[in-house]
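What follows is one structure encoded as structure tokens, with my remarks underneath.
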Amino acid sequence: FGFYLLAMVCIGFVAWHRTRDFDDYILGGRSLGGYVTALSAGASDMSGWLLMGLPGALYLTGVSEAWIAIGLVIGAWANWRFVAGPLRVYTERTDNSLTLPDYFTTRFAADGKLLRIVSALVVLVFFAVYCASGIVAGARLFESVFGMSYAQALWWGAAATILYTLIGGFLAVSWTDTVQATLMIFALILTPIIVVLSTGGIGESIEVIRQVDPSRLDWFGRNELGLIGVVSALAWGLGYVGQPHILARFMAAESLAVIPQARRIGMTWMILCLAGAVATGFFGIAYFAQHPEAAGAVTENHERVFMALAETLFNPWVAGVLLSAILAAVMSTLSCQLLVCSSALTEDFYHGFIRPHAGERELVWIGRATVLAVALLAIFIARDPDSRVLGLVSYAWAGFGAAFGPVVLFSLFWGRMTGIGALAGMVVGAATVILWKQTGSALYEIVPGFIAGSVALVVGSLLSRAPSTEVQARHRQVRLSLRESGY
């Protein structure tokens, strides 16, 4: 476990020597090949919730929670197929945009600073919550492995991630993501296989689960939600097109040509990981029903099911590797989220408003300082020991999906879209998520948020003045270039 932490920090120091300017620090100089692009996008997507939140949900509720995984697979494939290539081309054509707020401002030739400010604020608000989810997952891990108090584990769990992100920037994050993605898939293939063998096979496991609670075998859940619950779970897939930390990987690909290869690698990795996480949580029901004496930690917190299985079933050396996979999931997502927040603060606030003529070296150091500032804010949000990883992730995921999702989609495919429309869609989408969450409705807030944001975007665009001839001409050129490349 300690060796793994040390290796990640060493990668950060190697990346330090490859980081020459702010473009390198934020997007790695757009130099990622297909393999690194695929695994970096996957690892940055699948945070601690993959090994904690999702298995915990399956353990608690049963197969009805697997609809989340199905929705994510559909959404991720559509994101790779329809968004990755166009976004890679468009961000390069819009003055080499380094961040989503930067892209939105340049895409619509928005002279005012309002669009940049609002989009950067959305990044900071929802990523503060998202980063907190990663820090909670890391704290749970250190709490379990080292017997620390939650307050101590909070700091130790975040320290290594903050260090290599602070030092190495985007290249460190992407290279470590590749290592971490490999570790995650190993853990999620091995663990469910051993769990099933330990419970007597698939048939025996299902029979035990039926005896424990037959409703856990019901795909529509054991409550009255039924169709609403399924729609809410599938709607997780809608969020992909609005996640800045995943979209940044598309923007950083070395060329449009590597996207198809990256899509095939990334989707294969994702399907195997999600299937492993679902199987771990589901068959964990049978294992702990047969071994109630080992179920104490899981009964206290169902999100510890993967950790408990790793520590119970494996030799300590193997368990250390498997538990490192949780840390890998946490670190891979947290690091790129910290970097996106840093880029929003540095590029869109500091460089955009405070020091427009700041040099590259100055911007890199400001970027490092803001990584630390955002990390401290996330640790403050995560300080509650009763925090649940999946709950924090679902809220942040919905916020980004509704605020940025419609804006990204329409900006790539609709030439008539305007800056006013983008602003309206962003504000209405984010506000709907926040307000809907307060109602306590069973319907996942991303659904009304995405719909309301899309409607506001279209209405705002149609009611405002049409884009300039220059903006429309650039849109046509991008679409033509994509068609010639097979998109």
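The values are calculated or read from the model by the stated rules, or taken from the named source; none is laboratory data. Just so it is clear, the model here is predicted, and its values are computed rather than measured. FYI the Cβ positions are ideal-geometry reconstructions off the backbone, even for glycines, and counts take in every protein chain you see. Protein only, heavy atoms only, side chains kept; ligands, DNA and RNA dropped before computing areas. Shrake-Rupley method; radii C 1.70, N 1.55, O 1.52, S 1.80 Å.
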**OP:** Would you check if residue 422 is open to solvent by less than 10 Å² (accessible area, probe 1.4 Å), of a type in the set (A, V, I, L, M) and more than 30 Å from residue 473 (Cβ to Cβ)?
**Re:** no
**OP:** Would you confirm whether any residue within region 260-274 is at pLDDT 80 or above and touching a Lys or Arg at 6+ places or on another chain (Cβ under 7 Å)?
**Re:** yes
Subject >> Selection within region 362-379 - under 14 Å from residue 159 (Cα atoms) and either in contact with a strand residue (DSSP E or B) (Cβ under 8 Å, 6 or more places away or on another chain) or without any contact (Cβ under 8 Å) to a residue 12 or more places away in the chain (or both) >> reply: 376
Subject >> One residue from 146, 108, 126 being open to solvent by less than 10 Å² (accessible area, probe 1.4 Å) and not basic (Lys, Arg) >> reply: 126
Subject >> Output for region 312-350, where each listed residue is open to solvent by less than 50 Å² (accessible area, probe 1.4 Å) and either β-branched (Val, Ile, Thr) or without any contact (Cβ under 8 Å) to a residue 24 or more places away in the chain (or both) >> reply: 319, 326, 330, 333, 340, 346, 350
Subject >> Spans of helices (runs of 4 or more DSSP H) in region 189-272 with at least 2 residues in contact (Cβ under 8 Å) with a residue 40 or more places away in the chain and more than 24 Å from the chain's Cα centre (by Cα) >> reply: 202-212
**OP:** Go through region 222-269 and give me each residue that's buried (at least 20 other Cβ atoms within 10 Å of the Cβ), farther than 24 Å from residue 396 by Cα and of a type outside the set (A, V, I, L, M, F, W, C).
**Re:** 263
Original post:
Right, residue 309: modelled with pLDDT of 80 or more and over 21 Å from the mean Cα position of the chain (by Cα) or not?
Top reply: yes
